[in-house]
Amino acid sequence: MAERTSPSFEDTSESSRIKHPTKRSLVNKHSGGGVPNGIVGPPIPLTNGYTRTVVCPDMCCYCFDVLNSHLTSAPTPRSPFFTNEEYPLFVTWKFGAGRRLRGCMGTFTAQKLHKGLAEYAITSSMKDSRFHPIVLDELPHLECGVSLLTSFEQGAHYLDWEIGTHGIQIEFLLGKTKKMATYLPEVAVEQKWSKTQAVDSLLRKGGFKSAITEDVRSSIKLTRYRSEKCTVTYDEYCSVRRRYKPY
């Protein structure tokens, strides 16, 4: 993600009111079980000593189904079998062996997963203003990533977060206009940024063009969060798709 790697996102004004799910999903004991292949990020802790991993490869495969349907005018994919709980989410598309970013968009407002993933599979592939829309010839070279966002916390200051653990959202004033920008947890790691470099980059992403001083950094409002992420390549998707009919 050497170019503009940050995800675009919708209005985040409701992020403090996000509904956190409580229904059952895939459950693993702390001491074993692990998580499915392709999944990164901490599982969601439960009060009974168990953890559960909500994100799953089927979510990425469903995004491929939706994109393939859109590009080929195939019938709308049938409803998926994974949970339909509500989560803030992002869908990321990368291209080729170098995993070049091709689109990444999402929302901080909790969405029903079936509808939200279908919507952002198309939005991220067709409407990310940093890139031209994905075309059919690119499909065999794509990788899809789904990120479900959890554990939102207000930071005490702009350095109150951990690289590799937290994504960050910042809010700041540009004149009289409130601006927001976010990076998912993996971005600072992939770019080898310090915390200050990540925050400075977010300020630029949000449209701040003046000199970035310590006073500017100290004036921002920072929210940290975690995410569960799963990635699936097109080849992996095809190997699964041969075993079922998505339409």
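Bear in mind that the values in this text are calculations on the coordinates, not laboratory data. Since we're looking at a predicted model, the values are computed, not measured. Here Cβ is always computed from backbone atoms with ideal geometry, including for glycine, and neighbour counts include all displayed protein chains.
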Sort 123-130, 68-75 by the packing proxy (mean of other Cβ within 10 Å over each peptide's residues), most packed first. 123-130, 68-75
Estimated inter-spin distance, D235 and K221, nm [label 7 Å along Cα→Cβ]: 4.7
Taking a threshold of 23 Å on the Cα-Cα distance, which of the pairs K115/K178; K178/K209; K112/K192; K195/K221 fall above it? K115/K178; K112/K192
Which of the chymotrypsin sites (Phe, Trp or Tyr not before Pro) across segment 177-219 are loop residues per DSSP, with 16 or fewer other Cβ within 10 Å? W193
Computed E for L136/K178 - FRET, C-beta separation, R0 51 angstrom, nearest 0.05: 0.85
Could you work out the Kirkwood radius for segment 72-169, taking every pair of different alpha carbons, averaging 1/r and inverting it, reported in Å? 15.2
Stretch gain in nm, segment S129-R100, where the contour uses 0.36 nm per residue and the Cα spacing is subtracted: 8.9 nm
Only sites in a loop by DSSP and with at most 12 other Cβ atoms within 10 Å count here; which GluC sites (Glu not before Pro) in segment 193-247 make the cut? none
Taking R0 as 25 Å and r as the Cβ-Cβ distance between K115 and T72, the FRET efficiency 1/(1 + (r/R0)^6), rounded to the nearest 0.05, comes to 0.70
